[in-house]
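Chemist: One structure coming up, written as structure tokens, with questions to follow.
Just so it is clear, none of the values below were taken in a lab; they were calculated from the coordinates. Bear in mind the structure is a predicted one, so any value in this text is a computation, not a measurement. As a convention, Cβ positions derive from the backbone with ideal geometry for all residues, glycine included, and neighbour counts pool all protein chains shown.
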Amino acid sequence: MNDIYKEPEFLELVEKVRKLPPERRKALIEYIESLTKEFYTLNDIAELLGLNWRTVQRYVKDGRIKAIKVGRQWRIPAEEYARIKKEGV
């Protein structure tokens, strides 16, 4: 286990996050995960945007969302997700 987890600043931050209302805590976790992700699945984007995955698939097929096909699956770059959040679909 990393020593950073024992530092007072880290423990204080964890306690602050625990005290957040559930919806704010979820939003913070999603934001942190989005910083480290390079690609999203259709399901990821659907969940983040509150859409059905088939709607996201349709947006990909008609060009409203830029995606890369990897085998039989679509992957949406993190930059595209950032664009969608900022500008909308």
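Chemist: Confirm whether Tyr40 is surrounded by 12 or more Cβ atoms within 10 Å (Cβ to Cβ), touching a helix residue (DSSP H, G or I) at 6+ places or on another chain (Cβ under 6 Å) and in contact (Cβ under 8 Å) with a residue 40 or more places away in the chain.
Modeler: Spelling it out, Tyr40 is indeed surrounded by 12 or more Cβ atoms within 10 Å (Cβ to Cβ), touching a helix residue (DSSP H, G or I) at 6+ places or on another chain (Cβ under 6 Å) and in contact (Cβ under 8 Å) with a residue 40 or more places away in the chain.
Chemist: Can you say whether Leu13 is out of contact with any His (no Cβ under 8 Å at 6 or more places or on another chain), under 17 Å from Lys86 (Cα atoms) and either of a type in the set (Val, Ile, Thr) or exposed (fewer than 12 other Cβ atoms within 10 Å of the Cβ) (or both), as far as the supplied structure shows?
Modeler: The answer is no for Leu13.
Chemist: Here's something else I'd like to know. Testing Ala27 on (1) exposed (fewer than 11 other Cβ atoms within 10 Å of the Cβ); (2) within 10 Å of the chain's Cα centre (by Cα), one condition comes back false. Which one is that?
Modeler: Looking at each condition in turn, Ala27 falls short on (1).
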